[in-house]
1. Looking only at segment B:200-209, decide whether some residue is free of Cβ contacts under 8 Å to residues at least 24 places away in the same chain and either open to solvent by 30 Å² or more (accessible area, probe 1.4 Å) or within 14 Å of another protein chain (Cβ to nearest Cβ) (or both).
2. Among the residues of segment B:57-102, which ones are touching a Pro at 6+ places or on another chain (Cβ under 6 Å), more than 28 Å from B:Lys18 (Cβ to Cβ) and touching a residue at least 60 places away in the same chain (Cβ under 8 Å)?
3. When segment A:184-228 is examined, which residues are found to be surrounded by 13 or more Cβ atoms within 10 Å (Cβ to Cβ), closer than 20 Å to A:Gln167 by Cβ and of a type in the set (Val, Ile, Thr)?
4. Do we have B:Ile44 as under 30 Å from B:Phe235 (Cβ atoms), within 14 Å of another protein chain (Cβ to nearest Cβ), in contact (Cβ under 8 Å) with a residue 60 or more places away in the chain and touching a Cys at 6+ places or on another chain (Cβ under 9 Å) here?
5. Return a yes/no flag: does segment B:144-158 have any residue that is free of Cβ contacts under 8 Å to residues at least 24 places away in the same chain, open to solvent by less than 50 Å² (accessible area, probe 1.4 Å) and of a type in the set (A, V, I, L, M, F, W, C).
6. Kindly indicate whether A:Ile157 is among the β-branched types (Val, Ile, Thr), touching a residue at least 12 places away in the same chain (Cβ under 8 Å) and either touching a strand residue (DSSP E or B) at 6+ places or on another chain (Cβ under 6 Å) or closer than 28 Å to A:Leu219 by Cβ (or both).
7. Among the candidates A:Phe76, A:Phe107, A:Phe72, A:Phe101, single out the residue that is in contact with an Asp or Glu (Cβ under 9 Å, 6 or more places away or on another chain) and not β-branched (Val, Ile, Thr).
8. Looking only at helices (runs of 4 or more DSSP H) that fall completely inside segment A:77-194, which ones have 1 or more residues that are more than 14 Å from chain B (Cβ to nearest Cβ) and either within 23 Å of A:Leu15 (Cα to Cα) or within 23 Å of the chain's Cα centre (by Cα) (or both)?
Amino acid sequence: MTVDLAALANALPFLLKGLWFTLQITLVGVSGGIVFGSLLAIARLSQSRLLSTLATAYVNLMRSIPLILVIFWVFFLVPWAIGWMTASGRPVAVGASLTIFVTFVLFEAAYYAEIVRAGFRSISPGQYAACDALGLSKFHAYTYILFPQAIRNVLPILLTQTIVLFQDTSLVYVISATDLLGAATKIAQRDGRLVEMYLTVGVIYFVFCFAASQFVKQLQGRLAYGAR
Amino acid sequence: MIEIDNVSKSYGAFQVLKNCSASIADGEVVVICGPSGSGKSTLIKTVNGLETIDSGQINVSGFRLAPDVTNVAALRRSVGMVFQSFELFPHLTVLSNVTIAQIKVLKRSRAAAEEKALTLLARVGLSGHTTKYPAQLSGGQQQRVAIARALALDPKVMLFDEPTSALDPEMVNEVLDVMTGLARQGMTMVCVTHEMGFARSVANRVLFMDDGEIVETADAVKFFDAPQSERAKAFLAKILRH
């Protein structure tokens, strides 16, 4: 069999569209996941038994089920739930993109929560005492003193998790969304160009992930305090 | 004015403070000394509510602290604290370390906070270091920044918890000099320290603690020249031998 580069050139615009959606999922997953995950982390560390139990249960649940199952749940169950809640009597279509964004935020938040929590725990107790002694409110202490240090301490791990997230976006093919892999699959099946398509997307995933992991490596060296 | 009245505290079965009472007047400099594990650090941390107490009460310039008092924000605004390991915020510059609580807690404008910070940093001899990060400073310099950070909130009382214990010997004096200057200006100070030279020459009084109790309270000079209790004599014999 021959590799047809012309077929690749024709497919490129569609692949780039897929890549753009993959990047969108990643961006929404990271930003939403870190925001929600940080709240979960703070809830887990809070002195309120109720809050910490709820957050712990959520994190453990999400980390114990496969992402693909959560995608199915949100895609197939949420329309029913909304239909039931709004008493419309039938499922309300949510749309693949929204389903995917919501799913990734909900799912990744559990992983980011554990990373951010590790970040908080890596801060010396003296820093908490210093915040207290200066009279900073909990909100101010977390916002300006503790959260920035926690994130900084775990930044390489957060980025590594983001690389995993980037790869996991390919699972959205199960609901026929057109991410990078979805786009490649559609063209591959339409034109019978499986080899070209799957090799190409393989290279694209590799380039992104390899570049990102090299960046993480560099960052680790520069992040130590005093190494400015 | 600090009034410590019959304060006790336990960690589980271990009683770390046993009916401690002491009174510290405005402008007074008091050194708390004693063997390690005697409860000195715990006692000083009860004064600004970093450690809760199980019984008794503490009065700090009109603020009453008791086992059931949980809102200590007002108290902390009038009490500055300096820690053994500095506890500067590593991700903030020296200037930001000194301004952040002024801006967030006292709601000062950034300009006013920075002006205050620059004055204080000059006072502790660190004018040229405002844009540096804590990790770029020596231990002694970091501790002086920490003192400036605490002073920036215009505290009525300053607490020092072993401020020189984590320092290399050659940096101890630069910190003690700042503390001495502060004492001369009439700041009310409570210091847990092993610097007996400082205690003798700068402190008005010494509280000697052992095993969770305040065993002896005496004039600083008197305490060193003629300690009354056997435990204080034994302690001084150990640390002043060389």
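1. Checking segment B:200-209: at least one residue is free of Cβ contacts under 8 Å to residues at least 24 places away in the same chain and either open to solvent by 30 Å² or more (accessible area, probe 1.4 Å) or within 14 Å of another protein chain (Cβ to nearest Cβ) (or both).
2. B:Leu88, the sole residue that qualifies.
3. A:Thr185, A:Thr200, A:Val201, A:Ile204, A:Val216
4. Numbers: under 30 Å from B:Phe235 (Cβ atoms): yes; within 14 Å of another protein chain (Cβ to nearest Cβ): yes; in contact (Cβ under 8 Å) with a residue 60 or more places away in the chain: yes; touching a Cys at 6+ places or on another chain (Cβ under 9 Å): yes.
So B:Ile44 passes the test.
5. Scanning segment B:144-158, I find no residue that is free of Cβ contacts under 8 Å to residues at least 24 places away in the same chain, open to solvent by less than 50 Å² (accessible area, probe 1.4 Å) and of a type in the set (A, V, I, L, M, F, W, C), so the answer is no.
6. Working: among the β-branched types (Val, Ile, Thr): yes; touching a residue at least 12 places away in the same chain (Cβ under 8 Å): yes; either touching a strand residue (DSSP E or B) at 6+ places or on another chain (Cβ under 6 Å) or closer than 28 Å to A:Leu219 by Cβ (or both): yes.
It is true that A:Ile157 is among the β-branched types (Val, Ile, Thr), touching a residue at least 12 places away in the same chain (Cβ under 8 Å) and either touching a strand residue (DSSP E or B) at 6+ places or on another chain (Cβ under 6 Å) or closer than 28 Å to A:Leu219 by Cβ (or both).
7. A:Phe107 is the lone residue from the list that is in contact with an Asp or Glu (Cβ under 9 Å, 6 or more places away or on another chain) and not β-branched (Val, Ile, Thr).
8. On the way: elements: A:78-85, A:96-121, A:125-133, A:147-168, A:180-191.
Passing ranges, in order: A:78-85, A:96-121, A:147-168, A:180-191.
The values are calculated or read from the model by the stated rules, or taken from the named source; none is laboratory data. Since the model is a prediction, treat every value here as computed from it, not as a measurement. Ideal geometry is used to build each Cβ from the backbone, glycine not excepted, and the neighbour counts take in all protein chains shown. Ligands, DNA and RNA are excluded from the accessible area calculation, which covers all protein heavy atoms including side chains. Shrake-Rupley method; radii C 1.70, N 1.55, O 1.52, S 1.80 Å.
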